[in-house]
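First the structure, in the form of structure tokens, and then the observations on it.
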Amino acid sequence: MKFKFLFSLFLLGSSLSCFAQGYKDGIEYYKVGQYDNAKELLVRNLNEASTNKSDAYYYLGNIALKDNNIAEAKSYYDKGVQANAENPYNYIGLGALQLKANDAKAAEKNFKLALSKVKKDAKVATAIARAYYLVNPTTYAKEITKYSDQAKKFNAKDPDVYIFQGDQAAEQKSWGDAAGMYEMAFTFDPENTEA
């Protein structure tokens, strides 16, 4: 009897911990490529008081963009800007949409606006480089290099730029270079899930 009671408590506790996942867990799922899980957690936690809605909308927009759902992505990015106009990431998302629509000048304006919201932030510069890369790595090779270099100049120990460069190397099946970049990211931030 005592065993059944303890076992029931254990099951209840483990099931509650599964449901207690917040929007930050959704972001972590996004970063490791589990987009369905990410979307579910981001949507489920969108109206929670602890949720940074602007961040959540940015990642939901990125998921929609990956699915090539341009209208949904734009809607999420616009909602992110409305939730917090000082958050640079939704401007990056809007810039990525403009790149997809072959409007590089408008995209660059949004990227500059994003950079103006923060002071020399390597994560923002890396997100801009990644936006160019996701749209067309060949056409925008110069811009990708420019923003990656800028990110390293802002903070040479920020793991995001090394993860991005590792992702680029992995896509080209340059496994040794990719592993080296991921190792650098892990060295600078051992708690980084992506690395």
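Summary table below
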| read-out | value |
| --- | --- |
| About the Cα centre, charge dipole magnitude for the chain (Lys/Arg +1, Asp/Glu -1 at Cβ), debye | 360 debye |
| Cα-Cα pairs of the range 109-195 separated by more than 16 Å (percent) | 52 percent |
| Percent of C-alpha pairs per 5 Å bin, the chain, short to long | 1, 8, 13, 18, 19, 16, 10, 5, 3, 3, 2, 1, 1, 0, 0 |
| The range 47-141, Cα convex hull volume normalised per residue, Å³ | 92 Å³ |
| Counted charge near residue 67, where neighbours are those whose Cβ lies closer than 12 Å (Asp, Glu -1; Lys, Arg +1) | 0 |
| Spatial separation of Cα centroids for the range 92-144 and the range 18-83, in angstrom | 19 Å |
| Distance histogram in 5 Å bins (all Cα pairs of the range 18-69, percent per bin) | 5, 25, 36, 22, 9, 3, 0 |
| Residue-averaged 222 nm ellipticity for the chain, from DSSP H runs of 4+ at -39500 (n - 2.57), nearest 500 | -23500 deg cm²/dmol |
| For residue 85, residues with placed amide H under 5 Å, excluding near neighbours | none |
| Crossing angle, helix 35-44 versus the chain [Cα axis fit, 0-90 degrees, rounded to tens] | 70 degrees |
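Computed from the coordinates by the stated procedures, all read-outs in this text should not be read as laboratory data. Just so it is clear, the model here is predicted, and its values are computed rather than measured. We place every Cβ from the backbone using ideal geometry, glycine too, and count neighbours over all the protein chains shown.
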